[in-house]
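This report refers to the structure that appears directly beneath it.
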Amino acid sequence: MSRIGKKPVALPSGVTATVSGQTVEVKGPKGTRSFTASDQINVTMEEGAISVMPRGKSKVALQHWGMSRTMVGNLVEGVTTGFRKELEINGVGYRAQMVGTNLKLALGYSHDVEFIVPEGVTVSCPKQTEIIIEGIDQQLVGQVAANIREWRAPEPYKGKGIKYKDEFIFRKEGKKK
């Protein structure tokens, strides 16, 4: 039994949801998002909450149950508060700045990296060594953060590179004579 799947997703004030068949559409102050559940799942709207139940006792239905409930919960959280990832840049001469709608990164290469920010995500640089990514789609925010981090992942000896703000870099000791 799914502990997460049993809990209905409560709709806060200012958020409306419509369930039509397997599609759940949620509207809130930050925008509109939708999710189409698997055929193994039954999605219903009752008393200001969305509940998700499996249609049978099959293994696939039980696997989709908790994930579908989490996806609906992420829709509600995205349109109310949104999602946010923070990146830090460590290294001498490494910096970031916004040029129009694109992100310009100086990461020790012979050229600057020009990162094109996709639609639905906002990127800002309050400092030259900080990047903040915000949006209503958790998957897209995380993917953009991973793509930026991929340009120069942190290395274990000096810790240079782009890392998540809360990430711990396991440091190694260098060679000894």
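Bear in mind these aren't lab numbers, they're just calculated from the coordinates by the rules spelled out. Note that the structure is predicted; figures quoted are calculated from it, not measured. Glycine gets a Cβ as well: all are built from the backbone with ideal geometry, and neighbour counts include every protein chain shown.
Provide Rg and Dmax in Å for segment 122-177, with only Cα atoms included in the calculation.
14.0, 52
Evaluate the distance, in nm, between pseudo-label points positioned 7 Å from the Cα of A10 and of E119 along their respective Cα→Cβ axes.
Computed distance between label sites A10 and E119 equals 3.6 nm.
Grab the beta carbon distance between R3 and M45, set R0 = 22 Å, and tell me the FRET efficiency rounded to 0.05. Each step should come with its number before you reach the end.
Working: r = 22 Å, r/R0 = 0.98.
Computed FRET efficiency for R3 and M45: 0.50.
Distances over 23 Å make up what percent of all Cα-Cα pairs in segment 83-164?
14
What longest region of the chain stays clear of GluC sites (Glu not before Pro) that DSSP places outside H, G, I, E and B and that have at most 10 other Cβ atoms within 10 Å?
Values: sites that count: E47, E119, E173.
It runs 48-118.
Between helix 138-150 and the chain, what is the angle of the helix's C-alpha long axis to the longest principal axis, kept within 0 to 90° and rounded to the nearest 10?
With rounding to tens, the tilt is 20 degrees.
Counting only C-alpha contacts under 8 Å and six or more residues apart, can you give the relative contact order of the chain as a whole percent?
It comes to 17 percent, rounded to a whole number.
When the Karplus curve 6.51 cos²θ - 1.76 cosθ + 1.60 is applied with θ = phi - 60°, which whole-Hz ³J(HN,Hα) does each residue of segment 77-94 get, with x for Gly and Pro?
Going residue by residue, I get 5, x, 7, 9, 10, x, 10, 8, 10, 10, 10, 10, 10, 10, x, 5, x, 7 Hz, with x marking Gly and Pro.
Taking the Kirkwood radius as the inverse of the mean 1/r across Cα pairs, report the Rg/Rh of segment 1-89.
1.02
Using just the C-alpha positions of the chain as equal point scatterers, what log10 of I(q)/I(0) does the Debye formula give at each q in 0.15, 0.16 1/Å?
-0.88, -0.93
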